[in-house]
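The values are calculated or read from the model by the stated rules, or taken from the named source; none is laboratory data. Everything quoted here is computed from the prediction, not taken from an experiment. In this analysis, Cβ positions are derived from the backbone assuming ideal geometry, glycine residues included, and neighbour counts consider all displayed protein chains. In case anyone asks, the SASA skips ligands and DNA or RNA and just uses the protein heavy atoms, side chains included. Shrake-Rupley method; radii C 1.70, N 1.55, O 1.52, S 1.80 Å.
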Amino acid sequence: MLRHWLTRLLGLEEVGPVTYFEWFLRHPWPSAVVLVVIVAAVAFAACIYYRERGISKGRRWFLGAFRAILYTIVILLLFEPVFGIEMSARLRQSILVLLDRSESMDIHDARKKERELEEAALALGRLPFERTATQVMDAKARADASVASRIDLAKGILNNPHLDLFKKLEQDFKLRYFSFAENVVPASGEGEELRASLAKVAATGKSTRLGSAIDDVVSRYSGQPIAGVLVLTDGASNEGLEPSEVARKMKDRGIPIFPVGIGVPDPPDVRLEGLVVQETVFAKDRVPVRFRIASKGFTNRRVDVTVNVNGREIARQEVVLTGEPQFQELSFLPEEGATSLKIEVAAAPLPGEVVADNNSLSQTVRVIDEKIKVIYVEGKPRWEYRYLRAVLLRDYRLDVKFVMTQGDRDLAKASDRYLERFPDAASEAFVYDLVILGDVAASDFAPAQLARLEQLVKERGGSLLVLPGHQHPLSTWMGTAIEGMLPVRLQAEGWEAVDETVHPTVTSKGDEMTVVTLEMPEERNAARWAHVRPLFQVPAVAGAKPAATVLATLSDAPRRREPYPLIAWQRYGRGKVMFVGTDQLWRLRFKVGDRYHARYWGQVIQFLTLSRLLGENKRIQIETGRRTFRTGERVPIYANVLNEAFEPVNLASYTLHVERPEGQAETLQVKLEPVKDVPGFYQGFFTPETEGRYLLRTGPAEREFSNTIELQVATTPLEKLEPAMQEDALRKLAELSGGRYLTIRDLPTLPESLQREVQSTIVRREKELWDLPVIFVFLLLIAATEWFFRRRYDLI
């Protein structure tokens, strides 16, 4: 009873029952000193009333007690007394409510189905959740539901008078509100102020970081009981942490996620994606333009797709939509004299389409009008040589010379296509952009010739293609400069036999490049490469070198400790070196002629040689992976930095300059960080905020030794790329976390899905007594009482 009175007296009645209490003095004086002072004060009070002989002994004891109590309390207050109280406190669980404010929430869905209109009306409060059969939508409710945006529905749910969900939840839980897009913003205020704050939330976020938002708000209340996370969203997540990984993390912590899907799962939409165009073409080349068109809700509808080059329409095609991703290909010849082409592919918007911002793609292509100089050194003619020779001679872009180390030595006298030997003189060797080494041995070359070949690649930016055959093992190059240039590790064994069912398999890196792309999509490309068999045998190698990029392996990779690097390349100094470990690629001609065989070798030669023609093989090489990006999309930048001796530099960081589009004079500096265990290689990122042409280059002092990258940035908002409400993704998010996916109709059942766990903890409170008003009131009463009786007894 006393403890209860004390807690009320001290203003601590809001917590649970007291389990322990104590009082102590805050001032660091020994207790004995305090006791001596109090005893002295009490003795002084007794002495004062001992001398008062005009009243009875009982009255002297009575008044002396008041004076002693007064002195004792004053002394104790000087030493800062404190009450320490421990109480059992019941912890209320929290529900974290997240409102998506990204741009996709501003989409006004075309609600054609009655169920979709009813859900929108429920969210807006135009229909009660529990209604009779006679309660139907009137014209006003139907009109409001048909034009409402997703953010309107989400805010309608938060303030729905028929639902009253959140007031019900507040009876048992603490509700904490946030909005999120690129970042998380807590909602301020309580009651009407809180509702006003949420009503002002606008769908303006340029990206959605759903996983990061959930992880962020939960971490803010780490250590506190959380009943669940309620997310009002359309499910789009295009940046930040992977939502599924965050959901698994929440499952381990016992925090379920309850996503509420806002929007139409399959809104009618047509979008273009995956534009594939060669970044550099020759003036007389027919340029293939490949793209993928995807659609929802327009099955069997026809859409016009146009291709514009430099603002002029050059092709038009009518596409019948299937509802599935479709690949299309168009081609055109560049205008005579053109040096740059801006290619735009656009699909005409269809009536009822929700988002039209994703109906077009563009890319800039550079046009060159130079000959690629190739020298092909071969031993005895073989099938791959015969077909490759025909491809090379037929390509008007190439100026090809052949050297035959075996066979008719008089070919060089009879035709200017042939040379007697690989050039010894630097002036003759360095004119070539590409050297192809076929089925030849190291003994076919003099040391001076190999030195010239290495110089051509390392210092002059030329390229080397090694295409071994069955006459001369690759191991003959061990100990030569060629061994150091190759992207594979050689070993003494000559050949390795492979099963007749084994065939080339394109790697994930290969899928990202056009070099080994024969068809689209990837499944058809893989099927085409599967025709290349049997391979009989391949050169014995110990694997790919660390700096190599493997484009294709053998299909028996699961049985190997390391996949066989059938097609691989790497940089060597300023140039490129590619290894192709089979001479059976002519089998790509099976039943289709040279369509794929010629395409493959054409792409290889272009990949190996174009960078030299464009002056890009310098000691500082900048790469971005591709040349077209969207505003707001992060652009990865890589730089391979060599010093004057063409050796990797060792810097703490490397800075590049980004020149923005015209009208934006400010140049952006991007700091690249070194990549661990890759000397001279640096990486970084920048995010273009406006559309236009961007230039990536080094500082003025190094510009002579570096290439320049031109990027085209188009305004295709990240949030508008996928307009559908991602129901499947939200259901997976709920399932992985142990929660439940909710439609708008399901909202009244949310309280049933929440587990109410009563948790308690021991809370310790300390209350300073020296500044409590009740203490000073008590002092005043004692002093006044003593004064009253002293006056009554005529002691004043």
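Overview of values
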{"read-out": "Helices (runs of 4 or more DSSP H) lying entirely in region 404-468 (those with 2 or more residues that are polar (S, T, N, Q))", "value": "447-458"}
{"read-out": "Of all residues in region 365-385 being in contact (Cβ under 8 Å) with a residue 40 or more places away in the chain and open to solvent by 50 Å² or more (accessible area, probe 1.4 Å), the one that is farthest from VAL604 (Cα to Cα)", "value": "LYS380"}
{"read-out": "Residues being open to solvent by less than 60 Å² (accessible area, probe 1.4 Å) and among the charged types (D, E, K, R) - total across region 33-62", "value": "2"}
{"read-out": "Cβ pairs under 9 Å, 6+ apart, first in region 777-796 and under 21 Å from ALA46 (Cβ atoms) and in a loop (DSSP other than H, G, I, E, B), second among the aromatic types (Phe, Trp, Tyr) and at pLDDT 85 or above", "value": "ILE796/TRP787"}
{"read-out": "Any hit, region 123-140, residues being open to solvent by 30 Å² or more (accessible area, probe 1.4 Å) and in contact (Cβ under 8 Å) with a residue 60 or more places away in the chain", "value": "yes"}
{"read-out": "Long-range neighbours under 7 Å by Cβ, at least six apart or interchain, first residue farther than 18 Å from THR280 by Cα within region 328-356, second aromatic (Phe, Trp, Tyr) and modelled with pLDDT under 85", "value": "GLN328/PHE291; LEU350/PHE298"}
{"read-out": "Residue within region 510-533 that is touching a residue at least 60 places away in the same chain (Cβ under 8 Å), of a type in the set (S, T, N, Q), under 30 Å from ARG627 (Cα atoms) and in contact with a strand residue (DSSP E or B) (Cβ under 9 Å, 6 or more places away or on another chain) present", "value": "yes"}
{"read-out": "Subset of region 339-364 [closer than 21 Å to GLN606 by Cβ and surrounded by 16 or more Cβ atoms within 10 Å (Cβ to Cβ)]", "value": "LEU341, ILE343, GLN363, THR364"}
{"read-out": "Top-ranked residue of region 418-434 - restricted to ones that are in contact (Cβ under 8 Å) with a residue 24 or more places away in the chain and in contact with a Phe, Trp or Tyr (Cβ under 8 Å, 6 or more places away or on another chain), ranked as farthest from ALA481 (Cα to Cα)", "value": "LEU419"}
{"read-out": "Members of region 517-551 that are crowded, with 22+ Cβ neighbours inside 10 Å and within 27 Å of the chain's Cα centre (by Cα)", "value": "VAL550, LEU551"}
{"read-out": "In region 274-298, the residues that are over 32 Å from the mean Cα position of the chain (by Cα) and free of Cβ contacts under 8 Å to residues at least 60 places away in the same chain", "value": "ARG286"}
{"read-out": "Total residues in region 565-590, condition more than 31 Å from the chain's Cα centre (by Cα), closer than 29 Å to GLY680 by Cβ and aromatic (Phe, Trp, Tyr)", "value": "2"}
{"read-out": "Residue match in region 299-319 (condition: polar (S, T, N, Q), open to solvent by less than 40 Å² (accessible area, probe 1.4 Å) and under 27 Å from VAL264 (Cβ atoms))", "value": "no"}
{"read-out": "One residue from SER146, SER179 being surrounded by fewer than 17 Cβ atoms within 10 Å (Cβ to Cβ), among the small types (Gly, Ala, Ser) and at negative phi", "value": "SER146"}
{"read-out": "Tally, over region 150-175, of residues that are surrounded by fewer than 18 Cβ atoms within 10 Å (Cβ to Cβ) and more than 15 Å from ARG195 (Cβ to Cβ)", "value": "5"}
{"read-out": "Hits in region 104-118 (condition: within 23 Å of TYR177 (Cα to Cα) and buried (at least 21 other Cβ atoms within 10 Å of the Cβ))", "value": "SER104, MET105, ILE107"}
{"read-out": "Close pairs from region 188-212: first more than 22 Å from ALA729 (Cα to Cα), partner charged (D, E, K, R) and part of a loop (DSSP other than H, G, I, E, B), Cβ under 8 Å, at least 6 apart", "value": "VAL201/ARG101; ALA202/ARG101; THR204/ARG101"}
{"read-out": "Residue selected from region 405-441 under the condition aliphatic (A, V, I, L, M) and open to solvent by 20 Å² or more (accessible area, probe 1.4 Å), by the criterion farthest from GLY575 (Cα to Cα)", "value": "ALA414"}
{"read-out": "Qualifying residue in region 220-240 (condition: assigned to a helix (DSSP H, G or I) and out of contact with any strand residue (DSSP E or B) (no Cβ under 7 Å at 6 or more places or on another chain))", "value": "yes"}
{"read-out": "Residues of region 447-472 classified as more than 21 Å from ILE605 (Cβ to Cβ), out of contact with any Phe, Trp or Tyr (no Cβ under 9 Å at 6 or more places or on another chain) and in contact (Cβ under 8 Å) with a residue 60 or more places away in the chain, total", "value": "2"}
{"read-out": "Residue within region 100-123 that is hydrophobic (A, V, I, L, M, F, W, C), within 30 Å of LEU772 (Cα to Cα) and not in a helix (DSSP H, G or I) present", "value": "no"}
{"read-out": "Residues of region 511-546 satisfying the condition of being assigned to a helix (DSSP H, G or I) and of a type in the set (A, V, I, L, M, F, W, C)", "value": "ALA526, ALA527, TRP529"}
{"read-out": "When residues of region 193-207 are limited to those that are assigned to a loop (DSSP other than H, G, I, E, B) and not hydrophobic (A, V, I, L, M, F, W, C), the one surrounded by the most Cβ atoms within 10 Å (Cβ to Cβ)", "value": "SER207"}
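Conditions tested, residue by residue: (1) under 57 Å from the mean Cα position of the chain (by Cα); (2) of a type in the set (Val, Ile, Thr); (3) modelled with pLDDT of 75 or more.
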{"site": "THR7", "(1), (2), (3)": "yes, yes, no"}
{"site": "GLU13", "(1), (2), (3)": "yes, no, no"}
{"site": "PHE24", "(1), (2), (3)": "yes, no, yes"}
{"site": "PRO30", "(1), (2), (3)": "no, no, yes"}
{"site": "ALA43", "(1), (2), (3)": "no, no, yes"}
{"site": "ILE69", "(1), (2), (3)": "no, yes, yes"}
{"site": "MET87", "(1), (2), (3)": "yes, no, no"}
{"site": "ARG111", "(1), (2), (3)": "yes, no, yes"}
